[in-house]
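Notes to accompany the following structure.
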Amino acid sequence: MRFIDTHAHLDGEEYAEDRSEVIARAREAGLGAIFVPAIDLTSSERILTLCSDYPGFLYPMVGLHPEEVRADYREMLARIRALIPDGQEWGGGHPVLAIGEVGLDFYWSREFETEQMEAFELQVQWSVATRLPLMIHCRKAQNEMVRILRRYADKLPGGVFHCFTGNEIEAAELLQFERFVLGVGGVLTFKKSHLPEVLPAAVPLDRIVLETDAPYMAPVPCRGQRNEPAYVRLVLSRMAQAYGISNEELARQTNENVARVFGVKI
């Protein structure tokens, strides 16, 4: 049984001392692929280099994270866009897997609210133009995000709503975007999480993928520790339990979902 972590920040300083060991543990745990999102220009460049060292296992995304949007966002976006060659999606040999991590985040501040929305919409337009899927981060901004996406709903190739922790109503609103899936990670395993009830009630099995968001939000029993992709097996096990199916069946279905959205098969 092999499975995929669709979201792990393996380029982070948290792995500076043992990155190769972390990747080796992921392989040993059963992972067949790890998708690595960027947050800005520097990380986009770094991730392209990192993933080139692990072809067929690490897959790179590039983009500008909403929390990294500043007054100079247009310049940063122009330089990131230059990293994305025009051409086919990943299944056709494109060197970039997706546009991400992008989105909106008004949790801490709305200082750059307008800039965030403009930066997000520009990157949505990249997705339409390149046919590369989106990896979307959204916190305290679902209404604004949905309004932007609706303008392009018929043209978008698809993507992931990363780190879904919402309720049935929020899930339904996101799932109206037919080529998108929900990314679920360690929060599913937390004692007070409502996700074990929400997911089977509101999210079909063909609309969900696994993720860790490593090094953040490690699942139980590793909560509070540095997260890593190997721990996605704990998310898989808890999700299979919630849906009342075997780990093998959940791995098969989520792998099919990844292949449909990203063109990556393991």
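Data overview
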| read-out | value |
| --- | --- |
| Unit charges on C-beta of K, R, D, E only; dipole of the chain, Debye | 580 debye |
| Solvent exposure of region 132-181 as accessible area per residue, Å², 1.4 Å probe | 45 Å² |
| Extended-chain gain in nm, criterion 0.36 nm per residue less alpha-carbon gap, ARG70 and ASP53 | 3.0 nm |
| Label zone at ALA201 (point 7 Å along Cα-to-Cβ), backbone N below 17 Å, region 236-266 | 242-244 |
| Max mean-square fluctuation residue, GNM over the chain, Cα-Cα springs under 10 Å, options ARG46, ARG226, ARG110 | ARG110 |
| Rel. contact order, % - alpha carbon contacts under 8 angstrom, at least six apart, the chain | 20 percent |
| Relative contact order (percent, whole number), region 67-158, Cα cutoff 8 Å, 6+ residue spacing | 32 percent |
| Rg over Rh, two decimals, region 143-227 (C-alpha only, Kirkwood Rh) | 1.01 |
| Two-site FRET efficiency, PHE190 against ARG19, from Cβ-Cβ distance with R₀ of 30 Å, rounded to 0.05 | 0.65 |
| Unsatisfied cross-links (Cα-Cα over 31 Å) in the set LYS155/LYS191; LYS192/LYS265; LYS155/LYS265 | LYS155/LYS191; LYS192/LYS265 |
| Centre separation in Å (Cα based) which lies between region 134-208 and region 6-44 | 23 Å |
| Options (i) 17.0, 49; (ii) 18.2, 55; (iii) 21.2, 67 - which one matches Rg and Dmax of the Cα atoms in Å as calculated here | (i) |
| Projected-area mean, region 191-256, by convex hull of Cα positions, square nanometres | 4.4 nm² |
| Of all accessible heavy-atom area on the chain, the percent that carbon and sulfur account for (1.4 Å) | 47 percent |
| CD proxy at 222 nm, helix term only [per DSSP H run n ≥ 4: -39500 (n - 2.57); per residue of the chain; nearest 500] | -12000 deg cm²/dmol |
| Net charge contributed by nearby residues that have their C-beta within less than 13 Å of ARG25 (K/R +1, D/E -1) | -1 |
| Label-point gap, in nm, between ASN167 and GLU249 - each point 7 angstrom along Cα→Cβ | 2.9 nm |
| Peptide ranges 205-215, 171-181, 7-17, 58-68 listed from the most packed, as the mean C-beta count within 10 angstrom indicates | 58-68, 205-215, 7-17, 171-181 |
| Net +/- balance of residues flanking LEU175 in space, Cβ distance below 11 Å, scoring K and R +1, D and E -1 | -3 |
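The values are calculated or read from the model by the stated rules, or taken from the named source; none is laboratory data. Just so we're clear, the structure is a prediction, and the values are computed from it rather than from any experiment. Quick reminder, even Gly has a Cβ in these numbers, built from the backbone with ideal geometry, and neighbours come from all protein chains shown. Heavy atoms of the whole protein, side chains included, go into the accessibility calculation; ligands, DNA and RNA do not. Shrake-Rupley method; radii C 1.70, N 1.55, O 1.52, S 1.80 Å.
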